[in-house]
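To start, the structure itself, in structure tokens.
The values are calculated or read from the model by the stated rules, or taken from the named source; none is laboratory data. The structure presented is a predicted model; accordingly, all values stated were derived computationally and were not measured. Cβ coordinates were reconstructed from backbone atoms using ideal geometry, including for glycine residues, and neighbour counts include every protein chain displayed.
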Amino acid sequence: MFGTSPRYEDLNWNGLEFSSAQFAQVTSIDADAWKQELALHDELFTQLKHNLPQALAEARAALGKRLGS
């Protein structure tokens, strides 16, 4: 969501005990948790709307759209 992440097989795991399942767990996105987090920002964004950079508001809106909020 925030950028490009490598796949498990793209990385060199020699000497490390780190499974593809562990990789999937630490790189997963919990959409419901992010929706809740965005909802917590509503009041703050409202308070700051007069001084808030438009790019920040647009980035937040785009994230909400990707999450289906």
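Quick one: in segment 40-69, of everything that is aliphatic (A, V, I, L, M) and over 25 Å from THR4 (Cβ atoms), which residue is surrounded by the fewest Cβ atoms within 10 Å (Cβ to Cβ)?
Across segment 40-69, the extreme among qualifying residues is LEU40.
Would you please name the residue that is modelled with the lowest pLDDT, looking only at residues in segment 5-48 that are part of a loop (DSSP other than H, G, I, E, B) and hydrophobic (A, V, I, L, M, F, W, C)? So that I can check it myself, show each step before the final result.
Within segment 5-48, the first condition is being part of a loop (DSSP other than H, G, I, E, B), and the residues that meet it are 5-7, 11-19, 28-30.
After this cut, where a residue has to be hydrophobic (A, V, I, L, M, F, W, C) as well, the list is 11, 13, 16, 18, 29.
Details: LEU11: 95, TRP13: 95, LEU16: 95, PHE18: 95, ILE29: 84.
Selected residue: ILE29.
Would you be able to tell me the number of residues in segment 21-67 that are closer than 26 Å to TYR8 by Cβ and in contact (Cβ under 8 Å) with a residue 12 or more places away in the chain?
The qualifying residues number 9.
Only one of (1) over 11 Å from the mean Cα position of the chain (by Cα); (2) surrounded by 10 or more Cβ atoms within 10 Å (Cβ to Cβ); (3) of a type in the set (D, E, K, R) fails for GLU37. Which number is that?
(1)
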